[in-house]
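First up is the structure itself, then whatever we jot down about it.
The values are calculated or read from the model by the stated rules, or taken from the named source; none is laboratory data. For clarity, every value in this text was computed on a predicted model and none was experimentally measured. When we count neighbours, we look across all protein chains shown, and the Cβ atoms used for this are built from the backbone with ideal geometry, even at glycine. Side chains included, ligands, DNA and RNA excluded: accessible areas come from the protein's heavy atoms. Shrake-Rupley method; radii C 1.70, N 1.55, O 1.52, S 1.80 Å.
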Amino acid sequence: LIGVIGGGQLGRMLGLAGIALGHEFRFLEPSPHPPAAAVGDVVAIEYDDPTAVDAFVEGCEVVTYEFENVPVDAARRIATRVPVWPPPAALAAAQDRLTEKELFRRAGVPTPQFVPVDSSDELASALSAIGDAVVKTRREGYDGKGQTTAARDDDADPIWNRLGEVPLLVEERVPFERELSLLAVRGRDGATTFYPLVENVHRDGILRVSYAPAGGASSGLQVDAERYGKALLDELAYVGVLAIEFFQRNGGLLANEIAPRVHNSGHWTIDGAICSQFENHLRAVLGLPLGPASTIGDSVMVNFIGSVPDLRALLQVPRAHVHLYSKAARPGRKLGHVTLVDADTSAVETVLALAGAGSFLPRAPGTWS
Ligand code: AMP
């Protein structure tokens, strides 16, 4: 029995991979009818209720998590009862943008310039030092929430106010060429493996499309990414899948953020890699040998955001692998995705159009056949 904190679509896809390996699942998830309910039991408890936590861990051989805002203290408490992987220290590092940046520096991973600020006055001086900036709340930002762009001469007060008068990080605004991510895996024995760099296209801070492998990524870029990935995995004594998001700038990489879990930019691996990120995460946390992270073809993954295209139309596209999460439709919500492996350009364009992502082809049509 594997315990998973969180019961969203990532939990559901972990369950699908783990059931194939003969495992059962229990999810800790307070919301009613979560996506993971299809693949295991769900317990809805309060993290700070010790008897309820007992009920969650009872019989679990390992506990993992599928979202990064798990309270670190709760993860540490659970870890006194049953192994918790990835290590709760990775959660702590990822939950605060400042500790995340400090981790990058410690591990020798390049990252955009930044200044932490704790007041409107400090924000004003950070803006005048940095110039064009992205101002982010240190905690609880995701999918582009809790952040705004700002310029050198902007008035600091309204920005400080709008972001909630909480500790912030002011980052240089990077004129990046594109966004890439790396999925890195480390086993309990320290073995590592890396998926190829993926190119990600966002809109409104939400991932829309991933292209795997990233077109035109030189072997040098992959080598750099893996070196940074390995440094982070080792620094955290990590076990499981770690996602690292990068900006590509002047042909080099700058780390933006990490997610200590399976990641949306790795969904293509279910259909397009020999061993998926979900299976490899489970192999890692269970102390099993890691599987090959190599591709079986070029994949395009398109998210369904806010609504799901007509299933019949999708399934008419040759090679379309459709994954739906059984979630109620709501604007900005991730409801499912489709992956095409080794598809021709017209199939890719059809799927992009069906998913309302038609203008997000990152390169000239014709390069995908
Ligand atoms: P984040 O929440 O840090 O992943 O930011 C969400 C999105 O905002 C990223 O995927 C980028 O597209 C953009 N972004 C974040 N930080 C920066 C930055 N320092 N420079 C330019 N764009 C950024």
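Tabulated data for the structure shown
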quantity	calculated
Test for L163: is it within 15 Å of the ligand (Cβ to nearest atom) and under 18 Å from S119 (Cα atoms)	yes
Which listed residue, of V166, V109, is open to solvent by 10 Å² or more (accessible area, probe 1.4 Å) and under 29 Å from V262 (Cβ atoms)	V166
Residue within the stretch 259-277 that is under 18 Å from G190 (Cα atoms) and surrounded by fewer than 18 Cβ atoms within 10 Å (Cβ to Cβ) present	no
Residue that is least open to solvent (accessible area, probe 1.4 Å), among those in the stretch 169-198 that are at pLDDT below 95 and more than 9 Å from the ligand (Cβ to nearest atom)	R178
Total residues in the stretch 301-335, condition closer than 25 Å to L197 by Cβ and in contact (Cβ under 8 Å) with a residue 60 or more places away in the chain	6
Residue match in the stretch 285-301 (condition: farther than 22 Å from A357 by Cβ, more than 16 Å from the ligand (Cβ to nearest atom) and in a strand (DSSP E or B))	no
Candidates E58, E122, E100 - the one that is within 13 Å of the ligand (Cβ to nearest atom) and either under 29 Å from E279 (Cβ atoms) or acidic (D, E) (or both)	E100
So L290, is it surrounded by 14 or more Cβ atoms within 10 Å (Cβ to Cβ), of a type in the set (A, V, I, L, M) and modelled with pLDDT of 95 or more	yes
Residue among A17, A52, A37 that is part of a helix (DSSP H, G or I) and modelled with pLDDT under 95	A52
From P158, P175, P167, P110, residue being under 25 Å from E235 (Cα atoms) and of a type outside the set (S, T, N, Q)	P110
Failed item, numbered, when R97 is tested on (1) open to solvent by less than 50 Å² (accessible area, probe 1.4 Å); (2) in contact with a helix residue (DSSP H, G or I) (Cβ under 7 Å, 6 or more places away or on another chain); (3) within 24 Å of I258 (Cβ to Cβ)	(2)
Search result, residues across the stretch 146-201 that are farther than 30 Å from T339 by Cβ, in contact (Cβ under 8 Å) with a residue 40 or more places away in the chain and either of a type in the set (V, I, T) or part of a strand (DSSP E or B) (or both)	L168, L169, V170, E171, E172
Strands (runs of 3 or more DSSP E) completely within the stretch 57-144 that count 2 or more residues being of a type in the set (S, T, Y)	62-65
Test: residue in the stretch 202-211 that is closer than 30 Å to W85 by Cβ, open to solvent by less than 50 Å² (accessible area, probe 1.4 Å) and either free of Cβ contacts under 8 Å to residues at least 12 places away in the same chain or assigned to a loop (DSSP other than H, G, I, E, B) (or both)	yes
Cβ-Cβ under 7 Å pairs, at least 6 apart or on other chains, the stretch 72-100 side under 21 Å from G287 (Cα atoms), far side small (G, A, S) and surrounded by fewer than 21 Cβ atoms within 10 Å (Cβ to Cβ)	P87/A237; P88/A79
Those residues of the stretch 214-244 which are surrounded by 20 or more Cβ atoms within 10 Å (Cβ to Cβ), at pLDDT 95 or above and in contact with a helix residue (DSSP H, G or I) (Cβ under 9 Å, 6 or more places away or on another chain), in sequence order	Y228, L232, L236, Y238, V239, G240, V241, L242, A243, I244
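The rows are residues; the columns are (1) within 21 Å of E171 (Cβ to Cβ); (2) within 15 Å of the ligand (Cβ to nearest atom).
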residue: A225; (1), (2): yes, no
residue: L233; (1), (2): no, no
residue: R249; (1), (2): yes, yes
residue: A255; (1), (2): yes, yes
residue: W268; (1), (2): no, no
